[in-house]
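Read through the structure below, which is laid out as C-alpha cells, and then see the notes.
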Amino acid sequence: MSERSPDDAAETTTLAAGETLAVGFARALRRAGLRVPASATINYVQALGLVGVETRSGVYWAGRSTLLHRPEDIDIYDRVFAAYWQQTFVETIRFEGKPPSVTLALDVGDDEGGDGNDDGEDEQDSEIQPVRFSRTEVLTDKDFAECSAEELAELTALMSRLQFTTHTRRSRRQVRATSKGDRPDLRRTVQRALRHQGEPLHRAYTEDATRPRRLVLVLDVSGSMEAYARALVRFAHAAVVARGRVEVFALGTRLTRLTRFLYSRDPDQALTLAMPKVQDWAGGTRLGEGLAEFNEEWGIRGMARGSVVVILSDGWDRGDPLVLGTAMERLHRVTHELVWVNPLKATPGYAPLAAGMAAALPHLDRFVEGHSYASLEQLATILAGQR
Amino acid sequence: MSALPTTVDDVKAGLEGNEYLADDGLATSIFLAITLRRPLFLEGEAGVGKTEVAKVLSRWLGGRLIRLQCYEGIDASQAVYEWDYTRQLLHLRTAEATGEASATDSTSLEAALYDERFLIRRPLLEALSPNEGPPPVLLVDEIDRADDEFEAFLLEALSDYSITIPELGEIKTENPPLVVLTSNRTRDVHDALKRRCLYHWVEHPTFEREVAIIQLRAPGVAAPLIRQVAAATEAMRGQGLYKPPGVAETIDWARSLAALGRVAIDEASVEATLGTVLKYREDQERVTQQGLPDLVRTAMIRGGSA
C-alpha cells in the first residue's frame, strides 16, 4: 500500500474501504470522549494510505500520530482501538461519567458582574479596587459550612465579581518605553530618522515588559472539605476567568487537572463539566502523595517554577506526614510564593495540629483562612500582591 | 544525504544508520511527517531523545539543521528576522555625508534602507527561504517555554510555510522544511498548534532497545556491562525518583564505568558513578537507601552476569 497509483483498481477499493473504517474509528473515539476534529480524520485517512492497513502496528501508529494530541488520551485510544479494529469485546470503555446527582445550589440567574467587569484575561489593571457590597456584608463573613443553599448561591454569584490582579515578573520581552528606558530601540530610531533625511534626532528606547506570574490553585476535594469545596471551585473558576495563566487542580485520592473545564465563562456549566472529572469528590485524602504527584507531573517541570501556588485544604491527610512535608519542601524551593488556605483556621482555638498541616507549615510563605467569602476576597487581594 | 524514504522501514533503517534507534511508533510518525510534510510534535520526559530526532534527520537526509531554541519572551525579531539597525544608521549617515540624502527623495532612501543586505535572517526565515537540495530540518526546541502569543505566530508560519515581511513582501519556499517541535510539557501547548502537527509521545525505551542504543552510542563498552547498566537504570526508573534517568544519562553511565575499567557493575563503582545518572541529591539518597546491593543484584539477574 505504500504506492499510490490511481490506476491500480485494487488500491482504490482498499482506500475507499479504509476511509469508511477510518471515519468510523474517529467517530468511536469521539464517542469515548476524545476531541477529534475533522481535519485530524482527514490526516488519518491520508496517513493510512501511506502506511498501509496490512499491519496492526501501521494502523495503530498512524492513528496515534494523527488523531491523538495528549498523552492522557493514550489509554482511551488503546481501548477504542482494541474494540474497533480488533473487534475485541471490551466491556468497559470508560466514557465520561455522569455528573453526580447533586443539584447545584449555585444556579442564580443574575450573573451580570461576571461578564461586564473583566476586560480581557491578559489585561492587567493595577488600580483595580476590590468591590464590596454592603447588603451582603454580613453574609460575606459567614462560614461556608453554615450557609444555607440560598446563601451559598448568593455568595458564589458574588465570586464572579472578585478582582484578580497579580504578581508580575519581569519578562525578557522588550516593549516601547514612554520616556528614557533601559535599552536603545534602534528599530524605531531608524524609522524616525527617515523623517529627518536620515538624521537620528530622536532616540527611542525599550524596557523590559512585565508578565503576570502563573497562579496554580490546588483544591482539596476530600470528604472533610465537602462544605467548602464547591465554594472553592467557584473561586477557582473566578480566577481562571478573570486573569490569564491560571492552573487549577483538584486533589483527593488522586490528582485531577481542572483547568480545561473551567475555561467556560459560565460558572455553573464549568462546574458541571469539572465535577464529574473528579472521581473522588468527597472521598478520602492522600494530600502528600497527591502533591508529590503534582510536583512530579507538572510542578517541578515548570508549572510551579516562579509561580504563586495556593493550596486550599484543611490539612487532614491520611497518608504519611513525612511524604507531605517532603513534597511541600520541594515545592517551596521552586515557587515564588507558596500559600496555604485553610478554612479551619478561622475556628476559634484552632491550632494546626493535624499531622499533615503541621508537616506543611514550615514550608509556607503564607497561611491564611478561607472559610468565608470575605476571607476569599482577602485571598484575592493577597494574590494581587496588595496585602 | 539520502533520498526521501518511501516506507516506515526505510525510516527505521535510515535512522539506525545514523545511530538512532526508533521504535515503530516514532518511525511511523517520522515517516508521515516527511511524506505529508507536516510538522512533527514530540512530547516526553526530559532525556528521552526528542531533540536528537531533528539532528539525526538532518544527518540522514542531508538537509541543513536550523535550530530555534524557545524561551520565555521570544518574539519575531529573534525568531524570524530583524533589520540590521546599526548598519542602517551607518548607511544613512554615509548618504548624508556624501550629499546623496539631499539629492534623492525620501522614498528611494527608504527603499535602499530596507534592502535584503540589511536583513538579518533568524531561524524561521532561514528555514522558509527558497532553498535547493534536501529539505532543511527546522528544530523548534522546547516550544512549551515560549509564550502563547509566539505559539499563535508559529502556527501561522507553519500552516502555509510562508512569512510576510512588511518591507519585502511574502517569503515562501517550494521546498518546505521538515519541522520538529519538542516540548517537555511544562504547560499544555495550544490545541490549534498540535492539530497542525503529527503528535508523538516519546517514552523511555524498553530494556532491549536501550541495550541496543547504548551498544550503538557507546561502542567499546563490554556487552555484559551494557546490559547491567540498562537493567539498573530500568530499576531506578521504577523507584519514583524526581528525575528518572534518561537515555543520555544511561549512555554516560556506561561510558563512565567503562572509563574506570569496569566490565561488570559492582556496589563500589555504582556508588562512585551515581552522579552521572542521578542529578538530584534526594534521588541519590533514595537509591542508596533502597540498597545498592539490591540494585546490583537486580542488574546482574536481569542483565546477566559476566
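All but one of (1) part of a helix (DSSP H, G or I); (2) within 12 Å of another protein chain (Cβ to nearest Cβ) hold for A:GLU199; which doesn't?
(1)
Being surrounded by fewer than 22 Cβ atoms within 10 Å (Cβ to Cβ) and either in a helix (DSSP H, G or I) or under 23 Å from the mean Cα position of the chain (by Cα) (or both): is that true of B:ARG227 here?
Working: surrounded by fewer than 22 Cβ atoms within 10 Å (Cβ to Cβ): no; either in a helix (DSSP H, G or I) or under 23 Å from the mean Cα position of the chain (by Cα) (or both): yes.
Answer is no for this residue.
Would it be correct to say that A:ARG94 is at pLDDT below 50, within 14 Å of another protein chain (Cβ to nearest Cβ) and either surrounded by fewer than 17 Cβ atoms within 10 Å (Cβ to Cβ) or outside any loop (DSSP other than H, G, I, E, B) (or both)?
Working: at pLDDT below 50: yes; within 14 Å of another protein chain (Cβ to nearest Cβ): no; either surrounded by fewer than 17 Cβ atoms within 10 Å (Cβ to Cβ) or outside any loop (DSSP other than H, G, I, E, B) (or both): yes.
Against the criterion (at pLDDT below 50, within 14 Å of another protein chain (Cβ to nearest Cβ) and either surrounded by fewer than 17 Cβ atoms within 10 Å (Cβ to Cβ) or outside any loop (DSSP other than H, G, I, E, B) (or both)), A:ARG94 does not qualify.
Exactly one of (1) within 11 Å of chain B (Cβ to nearest Cβ); (2) without any contact (Cβ under 8 Å) to a residue 60 or more places away in the chain; (3) not small (Gly, Ala, Ser) is unmet by A:ARG214. Its number?
(2)
Within segment B:4-53, count every residue that is among the acidic types (Asp, Glu) and within 12 Å of chain A (Cβ to nearest Cβ). Outline the logic, then answer.
Restricting attention to segment B:4-53, the residues satisfying the condition of being among the acidic types (Asp, Glu) are B:9-10, B:16, B:19, B:23-24, B:43, B:45, B:52.
Cutting the leftovers down to within 12 Å of chain A (Cβ to nearest Cβ) gives us B:9-10, B:23-24, B:43, B:45.
Matching residues across segment B:4-53 total 6.
If we keep just the residues of segment A:60-89 that are of a type in the set (A, V, I, L, M, F, W, C) and within 10 Å of chain B (Cβ to nearest Cβ), which is surrounded by the most Cβ atoms within 10 Å (Cβ to Cβ)? Walk me through it before giving the result.
Initially, segment A:60-89 is screened for residues of a type in the set (A, V, I, L, M, F, W, C), giving A:61-62, A:67-68, A:74, A:76, A:80-83, A:85, A:89.
Okay, now just the ones that are also within 10 Å of chain B (Cβ to nearest Cβ), so A:61-62, A:67-68, A:74.
Numbers: A:TRP61: 24, A:ALA62: 28, A:LEU67: 26, A:LEU68: 22, A:ILE74: 13.
The selected residue is A:ALA62.
Looking at A:GLY33, A:GLY24, A:GLY52, can you tell me which residue is in contact with a helix residue (DSSP H, G or I) (Cβ under 8 Å, 6 or more places away or on another chain), more than 12 Å from A:TRP85 (Cβ to Cβ), exposed (fewer than 15 other Cβ atoms within 10 Å of the Cβ) and not aliphatic (A, V, I, L, M)?
On the way: A:GLY24 fails: more than 12 Å from A:TRP85 (Cβ to Cβ); A:GLY52 fails: exposed (fewer than 15 other Cβ atoms within 10 Å of the Cβ).
When all the criteria are applied, what remains is A:GLY33.
Go through segment B:168-192 and give me each residue that's within 14 Å of chain A (Cβ to nearest Cβ) and free of Cβ contacts under 8 Å to residues at least 60 places away in the same chain.
B:THR186, B:ARG187, B:ASP188, B:HIS190, B:ASP191, B:ALA192
Considering only residues that are surrounded by fewer than 19 Cβ atoms within 10 Å (Cβ to Cβ) and away from every other protein chain (no Cβ under 14 Å), look in segment B:142-160 and name the one that is nearest to B:ARG122 (Cα to Cα).
If we take residues in segment B:142-160 being surrounded by fewer than 19 Cβ atoms within 10 Å (Cβ to Cβ) and away from every other protein chain (no Cβ under 14 Å), then B:GLU156 is nearest to B:ARG122 (Cα to Cα).
Given B:GLU170, B:GLU151, which one is assigned by TED's automatic domain parsing to the domain that holds B:CYS70 and touching a Ser or Thr at 6+ places or on another chain (Cβ under 9 Å)? Give the steps one after another, and end with the answer.
Numbers: B:GLU151 fails: touching a Ser or Thr at 6+ places or on another chain (Cβ under 9 Å).
One residue alone meets the criteria, B:GLU170.
Which one is surrounded by the most Cβ atoms within 10 Å (Cβ to Cβ), of the residues in segment B:276-300 that are of a type in the set (D, E, K, R) and in a helix (DSSP H, G or I)?
So in segment B:276-300, the residues of a type in the set (D, E, K, R) come out as B:279, B:281-283, B:285-286, B:294, B:297.
This time we only want the ones that are in a helix (DSSP H, G or I), so: B:281-283, B:285-286, B:294, B:297.
Numbers: B:ARG281: 10, B:GLU282: 14, B:ASP283: 20, B:GLU285: 11, B:ARG286: 16, B:ASP294: 12, B:ARG297: 14.
It comes out as B:ASP283.
Return the residues of segment A:307-334 that are within 18 Å of A:VAL248 (Cβ to Cβ) and either within 14 Å of chain B (Cβ to nearest Cβ) or assigned to a strand (DSSP E or B) (or both); say none if nothing qualifies.
A:SER307, A:VAL308, A:VAL309, A:VAL310, A:ILE311, A:LEU312, A:LEU331
When segment A:213-235 is examined, which residues are found to be among the basic types (Lys, Arg) and not in a helix (DSSP H, G or I)? If you could, list the steps in order and put the result at the bottom.
The initial filter retains those residues of segment A:213-235 that are among the basic types (Lys, Arg), namely A:213-214, A:230, A:234.
Selection gives A:ARG213, A:ARG214.
Return the only residue of A:LEU34, A:LEU29 being more than 10 Å from chain B (Cβ to nearest Cβ) and outside any helix (DSSP H, G or I).
Details: A:LEU29 fails: outside any helix (DSSP H, G or I).
Residue meeting the stated conditions: A:LEU34.
Test B:ARG227 against the criterion of being touching a helix residue (DSSP H, G or I) at 6+ places or on another chain (Cβ under 9 Å) and more than 14 Å from chain A (Cβ to nearest Cβ), and give yes or no. So that I can check it myself, show each step before the final result.
Details: touching a helix residue (DSSP H, G or I) at 6+ places or on another chain (Cβ under 9 Å): yes; more than 14 Å from chain A (Cβ to nearest Cβ): yes.
Answer is yes for this residue.
Considering only segment B:54-73, I want to know if a residue exists there that is more than 30 Å from A:ASP73 (Cα to Cα) and within 11 Å of another protein chain (Cβ to nearest Cβ).
Yes, because at least one residue in segment B:54-73 is more than 30 Å from A:ASP73 (Cα to Cα) and within 11 Å of another protein chain (Cβ to nearest Cβ).
Say we look at segment B:81-139 and pick out the residues that are of a type in the set (A, V, I, L, M) and within 16 Å of B:LEU68 (Cα to Cα); which of these is nearest to the other protein chains (Cβ to nearest Cβ)?
B:ILE120
So that you can scan it fast, the table gives a plain yes or no per residue for (1) under 30 Å from B:SER183 (Cβ atoms); (2) more than 21 Å from the chain's Cα centre (by Cα); (3) surrounded by fewer than 20 Cβ atoms within 10 Å (Cβ to Cβ):
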position: A:GLU293; (1), (2), (3): yes, no, yes
position: A:ARG318; (1), (2), (3): no, yes, yes
position: A:VAL339; (1), (2), (3): yes, no, no
position: A:LEU344; (1), (2), (3): no, yes, no
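The values are calculated or read from the model by the stated rules, or taken from the named source; none is laboratory data. Since this is a predicted model, take the numbers as computed values, not measurements. Positions of Cβ are generated from backbone atoms using ideal geometry, with glycine treated the same way; all protein chains shown enter the neighbour counts.
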